[in-house]
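For reference, the structure discussed in these notes is given below.
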Amino acid sequence: MILSMFLLFVSCNSSKHSKSKKLPGVWQAEPIVIDGSNKDWPSPYPEYDDKAQLGYAVSNDKENLYITVETGDLATQLKILKNGLTVWIDKTGEKTEETAINFPIPTEAKEENEEGEKRPAKGQWQQGNGSSQDKQRMALEDRVKKAITEANEYSLQGFKGCNLQFPVMEKDTCGIVVRMAIDNDNEMVWEAVVPFKSFYTKREVDKRDKGKPMSICFETVGMKKPANQGGGNRSGGGSGMRPSMGMGGMGMGMRMGGGGSHGGNRGGGQSNNSIMEPAYKSTKTWKKFGIAFLQ
C-alpha cells in the first residue's frame, strides 16, 4: 500500500514536471522585413523536411511570430502555387488544426494542356536525352513563373476577428503580412509576420512565456497525376483535404535542391526521372518549439 502511494506520488510529480518542460526558441532581435526574401533568415535554414522538400524557420520577438518556408524544387513550387500552402499555428504546442494562413489560395483545376502548353507524352518525363530533359525543366520553370504572378490573395482561419480573404498587398485588421517570391537562385521563399495579439492570450510575450510550447505545420496538397503517367496521386503525409476559404472563411517551406547557397543542396538529389513526382504528394510538416524571450 505504501509502495503504491509512493509510486503514484512520483508519477504525478513526473507528469507535472513534463508539462512544465521549457522548449528552445529563437529570439528575433531585429524585426524581419516580410518581402519574400530570405536575406533576414539564417543560411541555411535550420529545419528541413526531406519528404516535403521544404526548409523552414520560426522566430519571435515580444509582439510577433515570424515564419518562413523555402523550396528550390520546381515541382514542389508548382504544387504550392497551384494547390496552395496552409500554415497551421497551434498556440498550445499540440497538432490542432484550427488557426491557419492560406497562401497562396489554390487556383481552380485546369487541364495540363492549356493553350500554348503541351501535355508531356506518355513516358516523356522518364525518357529522353539531356536536351529534352532540359527543355522539360525550362518548361516547368516557365509554369512556375507564370503561376507566381497569379498568387495574389490569402485567407485566414481561426484568428481574432480577421478571418477573411485579402489581396496580398493589403494589410488585414490583425496586422498579419504574407509575401512570396522567387529569388535569383530560383528558390521560392514564403514569409509571414503574425502578431501575437491575433491568436495568442496576450499582445506581448514576457519572461513568463519563455519556453512555452507552440507548434507550426506546413501543409501541401498534391496535384492530380495525369492518367498517362500511371500510379496514384496525392500520396504522402497529407489527407488531401483543404480547409474552406473565402469571405468569412473558416478554412485555410527551405532550401531543397535547385541550387543556390542559402540552404545548400539538401533534397537536390531529384533525378530527371522523377522531376514531377513531388508535385503529386500531399505532405504535412509539424514543428514544435518554444516561445523565446530575451530581456
Exercise. Could you list, in sequence order, the residues of segment 172-190 that are surrounded by fewer than 23 Cβ atoms within 10 Å (Cβ to Cβ) and part of a loop (DSSP other than H, G, I, E, B)?
Worked result: ASP172, THR173, CYS174, GLY175, ASP183, ASN184, ASP185, ASN186
For this session: Quick one: count up the residues across segment 33-54 that are over 11 Å from VAL189 (Cβ atoms) and either at pLDDT below 95 or not aromatic (Phe, Trp, Tyr) (or both).
Result: 12
Exercise. Considering ILE67, ILE80, which residue is of a type in the set (Val, Ile, Thr), modelled with pLDDT of 95 or more and not in a helix (DSSP H, G or I)?
Worked result: ILE67
For this session: Just give me the residues in segment 193-222 being under 11 Å from ASN64 (Cα atoms) and surrounded by 17 or more Cβ atoms within 10 Å (Cβ to Cβ), in sequence order.
Result: VAL193, VAL194, PRO195, PHE196, SER198, PHE199, TYR200, VAL205
Seminar exercise, completed: Going through segment 46-59 in order, the residues found to be over 15 Å from VAL87 (Cβ atoms) and crowded, with 17+ Cβ neighbours inside 10 Å are TYR48, GLN53
For this session: Kindly provide the set of residues from segment 145-175 that are touching a strand residue (DSSP E or B) at 6+ places or on another chain (Cβ under 7 Å), among the hydrophobic types (A, V, I, L, M, F, W, C) and within 19 Å of GLU219 (Cα to Cα), ordered by number.
Result: ILE148, ALA151, LEU156
Exercise. Got at least one residue in segment 207-217 being among the acidic types (Asp, Glu) and not in a helix (DSSP H, G or I)?
Worked result: no
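The values are calculated or read from the model by the stated rules, or taken from the named source; none is laboratory data. In this text, all values refer to a predicted model and were calculated from it rather than measured experimentally. Glycine gets a Cβ as well: all are built from the backbone with ideal geometry, and neighbour counts include every protein chain shown.
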